[in-house]
Amino acid sequence: MRRSSFRGLWVADVKLFSLRHVFREFRHVSREPRLVAARDLYRSSQRERTPEARGRKLLREWLSPAQRETFDAYGYVDVLGSESGQRYRIYYGSISNIRELNEKDDPVAGLCFAPAAALPPGDVMLAQKIVLENDESRALAIANRFHSTSQPIQVRNAHRAR
Amino acid sequence: MATQIVMDSTGDARYQFAPDDARETSEAERRFRQLTSTGFTAAARTATGDLRFVRSFDPTVHETLFFPRLVGG
(Lines give C-alpha, C1' and ligand atoms only; values in the text may rest on other atoms or scores of the structure.)
Protein backbone atom coordinates (compact mmCIF):
# COMPACT_ATOMS: atom_id res chain seq x y z
CA MET A 1 0.00 0.00 0.00
CA ARG A 2 1.40 3.32 -1.04
CA ARG A 3 -0.15 5.20 1.88
CA SER A 4 1.21 2.82 4.51
CA SER A 5 4.68 2.75 2.99
CA PHE A 6 4.93 6.53 2.50
CA ARG A 7 3.52 8.03 5.66
CA GLY A 8 4.24 11.56 4.51
CA LEU A 9 2.19 11.13 1.37
CA TRP A 10 -0.62 9.59 3.35
CA VAL A 11 -0.70 12.56 5.70
CA ALA A 12 -0.72 14.90 2.69
CA ASP A 13 -3.63 12.94 1.22
CA VAL A 14 -5.57 13.21 4.44
CA LYS A 15 -4.94 16.94 4.61
CA LEU A 16 -5.99 17.35 0.99
CA PHE A 17 -9.13 15.35 1.67
CA SER A 18 -9.89 17.58 4.67
CA LEU A 19 -9.41 20.70 2.62
CA ARG A 20 -11.67 19.37 -0.11
CA HIS A 21 -14.23 18.55 2.53
CA VAL A 22 -14.02 22.08 3.95
CA PHE A 23 -14.35 23.65 0.51
CA ARG A 24 -17.29 21.40 -0.34
CA GLU A 25 -18.96 22.34 2.91
CA PHE A 26 -18.22 26.01 2.31
CA ARG A 27 -19.70 25.82 -1.16
CA HIS A 28 -22.76 24.19 0.28
CA VAL A 29 -23.07 26.75 3.08
CA SER A 30 -22.43 29.67 0.69
CA ARG A 31 -25.60 28.69 -1.18
CA GLU A 32 -27.69 29.07 1.95
CA PRO A 33 -30.51 31.50 1.09
CA ARG A 34 -29.72 33.76 4.05
CA LEU A 35 -26.06 33.96 3.10
CA VAL A 36 -26.92 34.54 -0.55
CA ALA A 37 -29.28 37.35 0.49
CA ALA A 38 -26.62 38.89 2.76
CA ARG A 39 -24.01 38.68 -0.02
CA ASP A 40 -26.40 40.26 -2.54
CA LEU A 41 -27.22 43.02 -0.07
CA TYR A 42 -23.52 43.71 0.47
CA ARG A 43 -22.81 43.79 -3.28
CA SER A 44 -25.81 46.02 -3.86
CA SER A 45 -24.69 48.47 -1.16
CA GLN A 46 -21.21 48.55 -2.71
CA ARG A 47 -22.69 49.36 -6.12
CA GLU A 48 -24.82 52.14 -4.68
CA ARG A 49 -21.73 53.85 -3.28
CA THR A 50 -20.10 54.57 -6.63
CA PRO A 51 -20.13 58.24 -7.73
CA GLU A 52 -22.22 57.32 -10.79
CA ALA A 53 -24.85 55.57 -8.68
CA ARG A 54 -24.93 58.43 -6.16
CA GLY A 55 -25.28 60.95 -8.99
CA ARG A 56 -28.19 58.99 -10.48
CA LYS A 57 -29.83 58.78 -7.06
CA LEU A 58 -29.53 62.53 -6.48
CA LEU A 59 -30.88 63.27 -9.95
CA ARG A 60 -33.88 60.99 -9.47
CA GLU A 61 -34.64 62.58 -6.10
CA TRP A 62 -34.85 66.03 -7.69
CA LEU A 63 -36.78 65.13 -10.84
CA SER A 64 -40.52 65.63 -11.11
CA PRO A 65 -42.50 62.35 -11.12
CA ALA A 66 -43.02 62.58 -14.90
CA GLN A 67 -39.34 63.32 -15.54
CA ARG A 68 -38.32 60.43 -13.28
CA GLU A 69 -40.55 58.07 -15.22
CA THR A 70 -39.06 59.20 -18.53
CA PHE A 71 -35.52 58.97 -17.18
CA ASP A 72 -36.04 55.44 -15.85
CA ALA A 73 -37.53 54.30 -19.14
CA TYR A 74 -35.37 56.10 -21.71
CA GLY A 75 -32.37 57.63 -19.94
CA TYR A 76 -33.17 61.25 -20.72
CA VAL A 77 -35.03 64.13 -19.12
CA ASP A 78 -37.26 66.61 -20.98
CA VAL A 79 -37.32 70.16 -19.64
CA LEU A 80 -38.99 73.42 -20.67
CA GLY A 81 -36.91 76.56 -20.96
CA SER A 82 -37.98 79.05 -18.29
CA GLU A 83 -38.29 81.98 -20.69
CA SER A 84 -39.01 80.66 -24.18
CA GLY A 85 -40.90 77.50 -23.30
CA GLN A 86 -38.54 75.72 -25.71
CA ARG A 87 -38.25 71.98 -25.06
CA TYR A 88 -34.82 70.56 -24.32
CA ARG A 89 -33.85 66.93 -23.89
CA ILE A 90 -31.01 66.17 -21.50
CA TYR A 91 -29.47 62.77 -22.19
CA TYR A 92 -27.54 60.70 -19.66
CA GLY A 93 -24.00 61.97 -19.94
CA SER A 94 -21.76 64.90 -19.17
CA ILE A 95 -20.62 66.27 -22.51
CA SER A 96 -22.68 67.59 -25.44
CA ASN A 97 -25.69 65.79 -24.01
CA ILE A 98 -28.45 68.39 -24.51
CA ARG A 99 -30.64 68.68 -27.59
CA GLU A 100 -33.11 71.37 -28.54
CA LEU A 101 -36.29 69.71 -29.85
CA ASN A 102 -38.79 70.83 -32.46
CA GLU A 103 -42.53 70.29 -32.21
CA LYS A 104 -42.10 66.72 -33.51
CA ASP A 105 -39.55 65.92 -30.77
CA ASP A 106 -36.76 65.80 -33.33
CA PRO A 107 -33.38 67.27 -32.30
CA VAL A 108 -32.60 70.48 -34.15
CA ALA A 109 -29.51 71.68 -32.28
CA GLY A 110 -27.14 70.66 -29.52
CA LEU A 111 -26.09 72.57 -26.44
CA CYS A 112 -22.99 72.01 -24.38
CA PHE A 113 -22.52 73.41 -20.90
CA ALA A 114 -21.74 71.77 -17.57
CA PRO A 115 -20.48 72.47 -14.07
CA ALA A 116 -16.77 73.26 -13.97
CA ALA A 117 -15.88 70.24 -11.86
CA ALA A 118 -15.45 66.52 -12.26
CA LEU A 119 -18.95 65.32 -11.44
CA PRO A 120 -20.80 62.10 -12.27
CA PRO A 121 -23.36 62.32 -15.13
CA GLY A 122 -26.39 62.44 -12.82
CA ASP A 123 -25.05 65.56 -11.07
CA VAL A 124 -24.24 67.23 -14.40
CA MET A 125 -27.74 66.52 -15.73
CA LEU A 126 -29.35 67.88 -12.56
CA ALA A 127 -27.39 71.14 -12.76
CA GLN A 128 -28.32 71.48 -16.47
CA LYS A 129 -31.98 70.82 -15.72
CA ILE A 130 -32.15 73.38 -12.88
CA VAL A 131 -30.54 76.13 -14.93
CA LEU A 132 -32.62 75.53 -18.08
CA GLU A 133 -35.83 75.47 -16.03
CA ASN A 134 -35.00 78.54 -13.94
CA ASP A 135 -32.60 80.75 -15.87
CA GLU A 136 -32.70 79.71 -19.51
CA SER A 137 -30.98 82.85 -20.79
CA ARG A 138 -28.02 82.24 -18.48
CA ALA A 139 -27.74 78.66 -19.75
CA LEU A 140 -27.88 79.81 -23.38
CA ALA A 141 -25.33 82.54 -22.75
CA ILE A 142 -22.87 80.02 -21.32
CA ALA A 143 -23.58 77.10 -23.67
CA ASN A 144 -21.82 76.29 -26.86
CA ARG A 145 -24.44 75.63 -29.50
CA PHE A 146 -23.75 73.16 -32.29
CA HIS A 147 -25.61 71.67 -35.22
CA SER A 148 -27.10 68.32 -34.39
CA THR A 149 -30.10 66.45 -35.70
CA SER A 150 -29.39 63.25 -33.85
CA GLN A 151 -29.27 62.17 -30.24
CA PRO A 152 -25.89 61.68 -28.58
CA ILE A 153 -24.24 58.30 -28.85
CA GLN A 154 -24.98 56.53 -25.61
CA VAL A 155 -24.06 53.29 -23.93
CA ARG A 156 -27.25 51.28 -23.90
CA ASN A 157 -28.94 51.40 -20.50
CA ALA A 158 -26.04 53.37 -19.00
CA HIS A 159 -28.55 55.27 -16.90
CA ARG A 160 -29.43 51.99 -15.22
CA ALA A 161 -25.86 50.75 -14.89
CA ARG A 162 -25.08 48.92 -11.71
CA MET B 1 -33.55 68.64 10.10
CA ALA B 2 -32.50 70.68 7.07
CA THR B 3 -29.95 69.41 4.57
CA GLN B 4 -27.34 71.09 2.44
CA ILE B 5 -26.29 68.93 -0.52
CA VAL B 6 -23.04 69.82 -2.24
CA MET B 7 -22.22 68.17 -5.56
CA ASP B 8 -18.70 66.74 -5.72
CA SER B 9 -16.70 64.04 -7.47
CA THR B 10 -18.13 61.35 -5.17
CA GLY B 11 -21.67 62.31 -6.17
CA ASP B 12 -22.49 64.63 -3.30
CA ALA B 13 -21.69 65.54 0.29
CA ARG B 14 -24.59 66.11 2.68
CA TYR B 15 -24.62 68.33 5.75
CA GLN B 16 -27.57 68.29 8.11
CA PHE B 17 -28.45 70.94 10.64
CA ALA B 18 -31.29 71.68 13.02
CA PRO B 19 -32.86 75.05 12.09
CA ASP B 20 -33.63 75.71 15.77
CA ASP B 21 -30.02 75.17 16.85
CA ALA B 22 -28.14 78.48 16.71
CA ARG B 23 -24.68 76.93 16.48
CA GLU B 24 -25.61 74.50 13.69
CA THR B 25 -27.52 77.18 11.80
CA SER B 26 -24.56 79.51 12.02
CA GLU B 27 -22.30 76.80 10.64
CA ALA B 28 -24.78 76.13 7.79
CA GLU B 29 -24.91 79.83 6.98
CA ARG B 30 -21.12 80.00 6.92
CA ARG B 31 -21.07 77.05 4.50
CA PHE B 32 -23.71 78.70 2.32
CA ARG B 33 -21.72 81.93 2.10
CA GLN B 34 -18.45 80.14 1.45
CA LEU B 35 -19.89 78.01 -1.37
CA THR B 36 -21.81 80.80 -3.12
CA SER B 37 -18.81 83.12 -2.89
CA THR B 38 -16.69 80.53 -4.74
CA GLY B 39 -19.11 80.21 -7.65
CA PHE B 40 -21.53 77.56 -6.47
CA THR B 41 -25.22 78.07 -7.28
CA ALA B 42 -27.75 77.22 -4.59
CA ALA B 43 -31.15 75.76 -5.47
CA ALA B 44 -34.02 74.63 -3.29
CA ARG B 45 -37.08 72.49 -3.73
CA THR B 46 -40.42 74.01 -2.82
CA ALA B 47 -43.23 72.09 -1.16
CA THR B 48 -44.87 71.61 -4.57
CA GLY B 49 -41.71 70.04 -5.95
CA ASP B 50 -40.66 73.06 -8.03
CA LEU B 51 -37.03 74.10 -7.97
CA ARG B 52 -35.87 77.66 -7.47
CA PHE B 53 -32.59 79.46 -6.98
CA VAL B 54 -31.72 80.62 -3.49
CA ARG B 55 -29.79 83.89 -3.30
CA SER B 56 -29.40 84.14 0.46
CA PHE B 57 -29.29 81.71 3.34
CA ASP B 58 -32.71 80.59 4.51
CA PRO B 59 -32.71 78.12 7.45
CA THR B 60 -36.34 77.18 6.78
CA VAL B 61 -35.50 75.61 3.42
CA HIS B 62 -35.66 71.86 3.86
CA GLU B 63 -33.11 70.94 1.18
CA THR B 64 -30.59 73.20 -0.51
CA LEU B 65 -28.52 71.89 -3.40
CA PHE B 66 -25.20 73.45 -4.43
CA PHE B 67 -23.62 72.91 -7.83
CA PRO B 68 -20.38 74.37 -9.18
CA ARG B 69 -20.07 77.28 -11.62
CA LEU B 70 -21.22 76.43 -15.14
CA VAL B 71 -19.03 76.65 -18.21
CA GLY B 72 -19.60 76.11 -21.91
CA GLY B 73 -18.33 72.80 -23.24
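Things worth noting here:
- Hits in the range A:36-60 (condition: surrounded by 12 or more Cβ atoms within 10 Å (Cβ to Cβ) and at the interface with chain B (Cβ under 9 Å from one of its Cβ atoms)): A:T50, A:P51, A:E52, A:A53, A:R54, A:G55, A:R56, A:K57, A:L58
- Where strands (runs of 3 or more DSSP E) sit wholly within chain B, those with at least 2 residues that are within 13 Å of another protein chain (Cβ to nearest Cβ) and closer than 23 Å to A:Q67 by Cα occupy B:2-8, B:11-17, B:41-45, B:51-53, B:63-67.
- When every residue of the range A:139-157 is checked against the conditions, at least one turns out to be within 18 Å of A:E83 (Cβ to Cβ) and part of a loop (DSSP other than H, G, I, E, B).
- Of all residues in the range A:67-96, those satisfying the criterion of being closer than 22 Å to B:P68 by Cα, buried (at least 18 other Cβ atoms within 10 Å of the Cβ) and out of contact with any helix residue (DSSP H, G or I) (no Cβ under 6 Å at 6 or more places or on another chain) are A:Y76, A:R89, A:Y91, A:S96.
- Flag for A:P115 being farther than 25 Å from B:F40 by Cα and either under 21 Å from the mean Cα position of the chain (by Cα) or modelled with pLDDT under 95 (or both): no
- From the list A:L80, A:L126, A:L119, the one residue that fits, being closer than 19 Å to B:G49 by Cβ and touching a residue at least 60 places away in the same chain (Cβ under 8 Å), is A:L126.
- Any chance A:A143 is closer than 27 Å to B:G49 by Cβ, in contact with a Gly (Cβ under 8 Å, 6 or more places away or on another chain) and more than 14 Å from chain B (Cβ to nearest Cβ): no
The values are calculated or read from the model by the stated rules, or taken from the named source; none is laboratory data. Note that the structure is predicted; figures quoted are calculated from it, not measured. Don't worry about glycine lacking a Cβ; one is built from the backbone with ideal geometry, like all the others, and counts go over all protein chains shown.
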